[in-house]
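Worksheet: the structure to be examined is printed underneath.
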Amino acid sequence: MTSETSPHLVMEDDSRKPASTALIVVLVGTFITVLDFFIGNVAVPSIQADLNAGPTQGQMVVVGYGVAFTAGLITGGRIGDLYGRRRMFVLGMVGFALSSAACGFASGAEMLIVARVVQGIAASLMVPQVLGIIGAVYEGAHRAKAFALYGLVIGMAGVFGQLVGGALITLDIAGLSWRTIFLINLPLCAVALAFVRRAIPESKNAAGGRLDLVGALLVSAALGLLVFALVEGGERDWPVWSWECLAGSAVLIAITVWHLRRLAAADRGPLIEPALFRSRTFTLGLTATGSYFLAMGSFFFILALYLQFGRGLSALGSGTVFLAVGGGYFASSIYSSRFTDAVARRVALGPVTLGAGYVLLALVVSRIGMGGSVLWLVPPLVVAGIGMGLTTGPLSNLVLGSAAPEHAASASGLLNTAQEGGAAIGVALAGTLFFPAVGSNGDYAHALDVTLMLLAAFCVAATAFVLLTSSRATARG
C-alpha cells in the first residue's frame, strides 16, 4: 500500500501500519454527528414541553445544528488538508463533546439552539476529515468497502437514532429526560479520543497553501440565508422578507461561483475546485445525493411527529417503530456492500424503492388515520429502509469514484455538504408543508400523507439524476 492518494498528499507517522482500528475510530465520529441530527427528531416534543418552546424553536433545534454543520463542511475539509486531518478530527471531537455538554445542561430553548449551532460547527470540523482519512489510509477494494461501511453507519445512526433517543428519554436517567441524548456523546468521544493517536496516521494535502476565507464566508452565508428563509418564512406565512432572503441566497450563490472560477483561473486554491463539475457523473451524482437526503433526512422528522403527536406514542414507542426501517436498511446495506463498483442502474434501484415505501406508507396512513394498530406501518417502513440501504453507500461510492484523485478533498467536502445540507433543508421544506397541513383540528395523518408525496417526488428526482450519469462509474483505487 502506498502512502499517497494524490501528488500533493503528505503522510506523517509512516511507521504506523493502518488497521481496522482507524476505520472504527473515524466511524465513531461519523456516527455521533449523524446521530445528533436525527436523535433530535424524537426528542423535539419532550424539549418543547420541558422548555416551553414553540414549533419553530423545536424545528430550529434540528435545523440549527444541520445548517451550522453543512455550512462549515467544505471549510472544515480544507482546514484539515492544510493543518492535518487527524489534528482537526481531534479538535472537532473535543469541541463536539463540550458543546454536547452545553446542550445537555441548557436552561432554555434559546441556549439550546445556540449550543446546537456550536455543536454543528464542531461537527463540520470533524466529519470532513473522515473521508480524507479513509482515502489516505485505504486503497482499492479496501477503500470501497470502507466507503460502504461509512454509508452503513450514516443510515444506522439515522434509523436507530430514533430508538436510542426514545430509550434514553423513557429511562429518564437521573431525571435528565431528553438531556441524556446529548450527554451520551461525552463517553463516546472520550473512548474515541483515547485511540486516535495510535490508530490514525496524520495526513495533509496542502496544495494551494492557503484557506479561501472569502469562499468560506460566501458559501456559509448563502446556505444560511436559504434555510432561514425556508424555516421562518413557512412559519410566518411567507412574508416579503422571506422571498428577499431566497433571492439574496441566489445572488450569493452566483457570486460564489464567480469567485471560485476566478481563483481557479489564477491557480490560487479555491475553496471548491470548479474542475470537479466537468465530470457529468460527479455533477449529476452530487445532485442526486442532495435530492436523496432531502427525502431521507426529513422523513424521520415528520414520522416522529406523526407517531408522537398524532398517535400518542411515547418517545420510546416512537423509536421502536423505527426498528422496521432499521431492519430493512441493515439487510440491504449488507447486500449492497458486496459491490465495490457503482453501476448507475443498480444505484438507481435504491431511491426508487425508497419512494415506493413512502407511497405505500401514505396509502396505509390514509386508511388508518390516527387510529388502528401501528403494525400496519411495518411493511412500508421495511420497504423504505431497504431503499435507504440500497442508496446511501453506493451513491457515495458513485460520486467519489468519479472524482479525479487530485480533487478528492473538494469532492469529499461537497459530498458531505450535499448529504447534511440536503437533510437540513429537507427538514425545513417538510416543516413548511407538514405544520400547515396539520390544521386546527390536529390532523397529523393528513399532514404525513401530504408531506410523503413531496418526499416521494424527491426520490423520483434522485433516481432520474442517477440514471442520467454515465452507465458505469468505477471507484478509483
Rounded, prolate or oblate: which fits the chain, taking a ≥ b ≥ c as square roots of the Cα gyration tensor eigenvalues, rounded meaning a/c under 1.5, else prolate when a/b beats b/c?
-> rounded
In what sequence do 212, 81 fall when counting other Cβ within 10 Å, fewest first?
-> 212, 81
Which FRET efficiency, nearest 0.05, do residue 374 and residue 334 yield, Cβ-Cβ r, R0 22 Å?
-> 0.25
Would you please give the FRET efficiency between residue 251 and residue 460, computed as 1/(1 + (r/R0)^6) with r the Cβ-Cβ distance and R0 = 30 Å, to the nearest 0.05?
-> 0.50
If each K or R counts +1 and each D or E counts -1, the residues other than residue 29 whose Cβ falls under 13 Å of its Cβ total +1
Which whole-number percent gives the relative contact order of the chain, counting Cα pairs below 8 Å spaced six or more residues apart?
-> 23
Normalising by the residue count of the stretch 19-89, find the relative contact order in percent from Cα pairs under 8 Å and 6+ residues apart.
-> 20
Once residue 345 and residue 87 are pulled to full extension, the length gained, defined as 0.36 nm per residue separation minus their Cα-Cα distance, is 89.0 nm
Mind sorting 164, 25, 364 by how few other Cβ atoms lie within 10 Å of their own Cβ, fewest first?
-> 364, 164, 25
Can you bin the stretch 212-270 into rounded, prolate or oblate? Criterion: square roots of the alpha carbon gyration tensor eigenvalues sorted a ≥ b ≥ c, rounded for a/c under 1.5, prolate for a/b above b/c, oblate for the rest.
-> prolate
In Hz, Karplus ³J(HN,Hα) per residue of the stretch 238-247 (6.51, -1.76, 1.60; θ = phi - 60°; x = Gly, Pro) | 6, x, 4, 4, 5, 6, 5, 5, 4, 5
Give the order of 88, 111, 296 when sorted by the count of other beta carbons within 10 angstrom, beginning with the fewest.
-> 111, 88, 296
Please find the FRET efficiency linking residue 244 to residue 213, where r is the Cβ-Cβ separation and R0 is fixed at 22 Å, and quote it to the nearest 0.05.
-> 0.25
Once you have a ≥ b ≥ c as the square roots of the Cα gyration tensor eigenvalues for the stretch 220-358, tell me rounded if a/c is under 1.5, and otherwise prolate or oblate according to whether a/b is larger than b/c.
-> oblate
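Quick note: the coordinates plus some simple rules give every number you see, no bench work behind them. Just so we're clear, the structure is a prediction, and the values are computed from it rather than from any experiment. FYI the Cβ positions are ideal-geometry reconstructions off the backbone, even for glycines, and counts take in every protein chain you see.
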